[in-house]
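Let me begin by presenting the structure, written as structure tokens, before commenting on it.
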Amino acid sequence: VSAGQQLPEPNWAARPRPARTRDTDFWWDGLAAGELRIQKCLACARLQHPPEPLCQTCGSDRLGWTVACGLGRVFSFVVYHEPRIRDWTYPYVVAVVALDEGTRVIANLTGASADEISVGDRVQARFPSAGAEHALLAFEPVSS
Ligand SMILES: [Zn+2]
């Protein structure tokens, strides 16, 4: 990719379907509904991601979720060129995003060129469809 060229849109439907569990159903259902749902402990109010069967802070099994606003900042990122997987598009960027709510998620970052992305950039969630009743999480830059 030459300087300034926008990353190609990933072929979302080529991504393997995740294994769903009782602990992660709310996450996948949220993405399909256009919501970024983050697990929240009903005992101590701590947010955690990825979803777990128990609160990693207080040990409670009383867990629910809250809808995050979808805004955050790039905490870290990598640009993938290899290894090549059939039907995927390259390069692609995977970022650790620090959400405004105070937890971090990992997702693709789209809508920019790889050399424009910097740690600290303001980003916003999007929910690309990856097939019937299945969506994924991605982020794209927004002006801060
Ligand atoms: Zn807790």
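For the reader, a short list of remarks on this structure follows.
- In range of the label at residue 116: residues from segment 1-42 whose backbone nitrogen is under 11 Å from the point 7 Å along Cα→Cβ: 4-7
- In Hz, Karplus ³J(HN,Hα) per residue of segment 53-68 (6.51, -1.76, 1.60; θ = phi - 60°; x = Gly, Pro): x, 10, 5, 6, 9, 10, x, 5, 9, 8, 10, x, 8, 10, 8, 6
- Shape of segment 76-144, Cα gyration tensor, a/c cut at 1.5: oblate
- Average accessible area per residue (Å²) across segment 1-40 - probe 1.4 Å, nucleic acids and ligands excluded: 58 Å²
- Descending semi-axes in Å of the chain, equivalent ellipsoid built from Cα gyration tensor: 28, 18, 12
- Paramagnetic reach from residue 133 (point 7 Å along Cα→Cβ, amide N under 20 Å) across segment 25-46: 25-37
- Per-residue ³J(HN,Hα) for segment 79-93, Karplus 6.51 cos²θ - 1.76 cosθ + 1.60, θ = phi - 60°, Hz, x for Gly and Pro: 10, 8, 10, 9, x, 7, 10, 4, 6, 8, 10, 10, x, 9, 10
- Here the Karplus curve 6.51 cos²θ - 1.76 cosθ + 1.60, taken at θ = phi - 60°, turns the phi angles of segment 94-100 into couplings of 10, 10, 8, 10, 8, 6, 4 Hz, with x standing for Gly and Pro.
- Scanning the chain for cysteines with no neighbouring cysteine C-beta under 4.7 angstrom from their C-beta gives 69.
- Whole-percent carbon and sulfur share, accessible surface of the chain, 1.4 Å: 48 percent
- Our helix-only sum for the chain, with -39,500 (n - 2.57) per DSSP H run of n ≥ 4 divided by its residues, gives a mean residue ellipticity at 222 nm of -1500 deg cm²/dmol.
- Amide H contacts under 5 Å for residue 68, placed H, 5+ residues apart: 36, 37, 38
- Long-range HN-HN contacts of residue 139 with modeled amide H, under 5 Å: 108, 109, 110, 126
The values are calculated or read from the model by the stated rules, or taken from the named source; none is laboratory data. Computed from a predicted model, the values in this text were never measured in an experiment. We place every Cβ from the backbone using ideal geometry, glycine too, and count neighbours over all the protein chains shown. The protein model used for the area step is the full one, side chains on, heavy atoms only, and it has no ligands, DNA or RNA in it. Shrake-Rupley method; radii C 1.70, N 1.55, O 1.52, S 1.80 Å.
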